[in-house]
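These notes concern the structure reproduced below.
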Amino acid sequence: MPRFRLQESACFAASLAFAMILCGCDPNGSKESKAEFPTCARTGRSFTTQELIDIVVRDQIRIMQATKLCRADYKTLHQFYQENPKCCEIDRAHLAGNQALRERNLGEDGWLIGSIQVKYYCGSEDDPRVGRQSIGSANITSCGVITDSAVGPNPLDGSDGAVRRSN
């Protein structure tokens with residue numbers, strides 16, 4: 001077999017394996033894959049969706065506390081999830097800002113796997129008991145590294161108060 005065909009086949013196999021992991025398919029045909037995302041080469045472990053969401057929520061809480069952006073003051077993940085039970089979703093096809101995700105290997109930081117959107121109670125300026133929903137988002141890798149994130153007060157309402165950071 002010519003050398004370029006072998007390289008093509010290897011690239012195709014690697015892309016197919018990555019795509020199967022992203023969709024939750026198991027190449028061995030079982031109904032459930034044990035790993036939801038590619039294994040992080042640096043640590044040798046695979047994160048679950050919930051573990052990646054927890055990483056992003058912790059980052060959102062840290063930014064909110066540092067900037068005093070919200071009147072709501074979340075001290076723990078447990079408190080955050082109690083007050084925002086259906087807060088988070090992962091989008092494996094897009095980065096924050098709805099940019100289409102193309103397969104990207106970031107070396108030691110792992111594969112860029114998508115964005116996580118976090119909706120939460122932030123508190124109104126007049127009365128912290130009156131709900132004001134805010135939205136944060138972050139791009140994350142298979143190693144749990146946040147490459148870019150933004151925190152409200154409400155990026156969807158056109159306010160200019162969003163705090164952004166990127167690595």
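Since every read-out is calculated from the coordinates, none of them should be taken as a lab result. For clarity, every value in this text was computed on a predicted model and none was experimentally measured. When we count neighbours, we look across all protein chains shown, and the Cβ atoms used for this are built from the backbone with ideal geometry, even at glycine.
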At most 13 other Cβ within 10 Å, DSSP loop - GluC sites (Glu not before Pro), the range 49-148: E103, E125
Simple spin-label model, 7 Å along Cα-to-Cβ: E108 to R92 in nm? 2.8
